[in-house]
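J.: First, the structure itself, so that you have it in front of you.
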Amino acid sequence: MSNLQMDLGVGSFVYSQGIVSVNSPDKPFSATLKRAGPMLVLGLARLLMVKGTDYPEHVTEYGVHWNFFLTMSVLLLCTDLLQRLGTQRLNWTLVGLLASLLHQMALSFSSLGSWTISHKRDAMSWISMNKEGIVSLPGTQWHH
């Protein structure tokens with residue numbers, strides 16, 4: 001499967017989640033944990049299976065330990081928290097556009113972009129080992 005197909009799959013999932021699920025601040029955070037839990041379990045299971053079987057993987061996609069399921073679970077949790085911090089009157093479309101613009105500017109005009117796509121990894125830093133997945137989160141975060 002090509003990277004374009006995988007990016008299209010992740011993007012489609014995030015887009016559809018944004019259309020069908022706006023979290024209510026009245027709903028307890030535990031409900032979001034329940035929704036994110038299965039994806040977190042799948043992400044950890046995938047990590048253990050891939051590492052345990054020496055299955056070939058492309059670390060330039062998400063990083064050494066990160067994967068699609070971890071992205072989706074963290075995305076749900078962060079989105080819920082951000083919506084709880086915001087007000088009902090906040091225009092989430094404008095927030096999303098502004099966040100996308102700032103994320104792109106950070107990637108283009110700082111060392112963040114070149115660091116993310118470089119092959120250098122600090123083996124002692126979990127963030128450096130998983131930089132692709134972590135740095136991409138703001139780009140997938142603003143789906144409302």
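The values are calculated or read from the model by the stated rules, or taken from the named source; none is laboratory data. Everything numeric in this text was worked out from a predicted model, so none of it was measured. Positions of Cβ are backbone-derived with ideal geometry, glycine not excepted, and every protein chain shown enters the neighbour counts. Ligands, DNA and RNA are stripped out before the accessible areas are found, and what is left, the full protein with its side chains, is counted by its heavy atoms. Shrake-Rupley method; radii C 1.70, N 1.55, O 1.52, S 1.80 Å.
J.: For segment 39-80, which residues satisfy the criterion of being of a type in the set (A, V, I, L, M, F, W, C) and in a loop (DSSP other than H, G, I, E, B)?
T.: Within segment 39-80, Val64, Trp66 qualify.
J.: Then there is this: Scan segment 38-62 residue by residue and report those that are modelled with pLDDT of 90 or more and surrounded by 14 or more Cβ atoms within 10 Å (Cβ to Cβ).
T.: Listed by number, the residues that qualify are Met39, Leu40, Leu42, Gly43, Leu44, Arg46, Leu47, Val50.
J.: If you don't mind, there's one more thing I want to ask. Name the one entry in Val95, Val74 that is out of contact with any helix residue (DSSP H, G or I) (no Cβ under 7 Å at 6 or more places or on another chain), in contact (Cβ under 8 Å) with a residue 12 or more places away in the chain and of a type in the set (A, V, I, L, M, F, W, C).
T.: Details: Val74 fails: out of contact with any helix residue (DSSP H, G or I) (no Cβ under 7 Å at 6 or more places or on another chain).
Exactly one of Val95, Val74 is out of contact with any helix residue (DSSP H, G or I) (no Cβ under 7 Å at 6 or more places or on another chain), in contact (Cβ under 8 Å) with a residue 12 or more places away in the chain and of a type in the set (A, V, I, L, M, F, W, C), namely Val95.
J.: Could I ask something else about it? Scan segment 78-136 for residues that are modelled with pLDDT of 85 or more, of a type in the set (Val, Ile, Thr) and open to solvent by 30 Å² or more (accessible area, probe 1.4 Å) and report the count.
T.: 3
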